């Protein structure tokens, strides 16, 4: 009985780790692939390699709330999310990091 309990606890911990890891690392896919509550984690990863973290997080979260999408990786891949890619500043530069 103790072995079964230990196995079940280990299995549940493993499952929770897999699902938590998947939420942070998975490619985010196209527009609408994220829920609003997933934007913070996706943007945290997206902005993890920049030295301008605070503005990156601000604009990434703003873009994610509008597009419900953040491109995979820490840079590039914007073609995965046309809304995110096409949103421009008044000057014509990219609004989303």
Count of residues meeting criterion [assigned to a loop (DSSP other than H, G, I, E, B), at pLDDT 95 or above and surrounded by 15 or more Cβ atoms within 10 Å (Cβ to Cβ)] in the stretch 24-49
1
Would you mind telling me which numbered condition in (1) modelled with pLDDT under 95; (2) outside any helix (DSSP H, G or I); (3) surrounded by 11 or more Cβ atoms within 10 Å (Cβ to Cβ); (4) out of contact with any helix residue (DSSP H, G or I) (no Cβ under 9 Å at 6 or more places or on another chain) residue 76 fails?
(3)
Which condition number does residue 65 fail, the rest of (1) in contact with a helix residue (DSSP H, G or I) (Cβ under 9 Å, 6 or more places away or on another chain); (2) modelled with pLDDT under 95; (3) surrounded by fewer than 14 Cβ atoms within 10 Å (Cβ to Cβ) being met?
(2)
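The values are calculated or read from the model by the stated rules, or taken from the named source; none is laboratory data. None of the values given here were measured: they were computed from a predicted structure. Methodologically, a virtual Cβ is constructed for each residue, glycine included, from the backbone with ideal geometry; neighbour enumeration extends over all protein chains shown.
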